[in-house]
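Below is one structure, written out as structure tokens; the observations come after it.
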Amino acid sequence: MDSSSLLTLRIFKAFASPSTAEWTFLAHAPDMIGGIDTTLVEQLVAHHMKMIPTLKLFSGSSHIDLIRKIVAQFHADKGTLLFGTDTGFLTDYDVTEEYHQLALTGLSFHDVLAML
């Protein structure tokens, strides 16, 4: 990865494991979409990144459709998605909106079950 890609990874709140040569981190979907392109998403999947979309967190964003598109590409590229909601940061504990956003992303019922 070049230095601009590494800077973009900060958007994903990424952390590398010092004990391995592989990238082994969890991240939220990006809330700032500048610099996130097809190539970067492919690189993240190639480095075995796991993403927790937490789309409810961004559901009020004016660019939620683009955030969902990134999550959809990550999934289509065979990236591992994990379910999470940022409960604790968000004071609303209802996960209905998260399921709704995942469905709008194009994930099936079975895809969402696999995230749990």
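The values are calculated or read from the model by the stated rules, or taken from the named source; none is laboratory data. Predicted, not measured: the structure shown is a model, and the values here were computed from it. Quick reminder, even Gly has a Cβ in these numbers, built from the backbone with ideal geometry, and neighbours come from all protein chains shown.
Some points to look at:
- Helices (runs of 4 or more DSSP H) contained in the stretch 30-116 and holding at least 2 residues over 11 Å from the mean Cα position of the chain (by Cα) and of a type in the set (S, T, N, Q): 38-46, 96-105
- For the stretch 64-95, a tally of residues being among the aliphatic types (A, V, I, L, M), free of Cβ contacts under 8 Å to residues at least 24 places away in the same chain and in contact with a Phe, Trp or Tyr (Cβ under 8 Å, 6 or more places away or on another chain) returns 0.
- Taken together, 82, 113, 26, 107 contain a single residue that is surrounded by 15 or more Cβ atoms within 10 Å (Cβ to Cβ) and modelled with pLDDT of 85 or more, which is 107.
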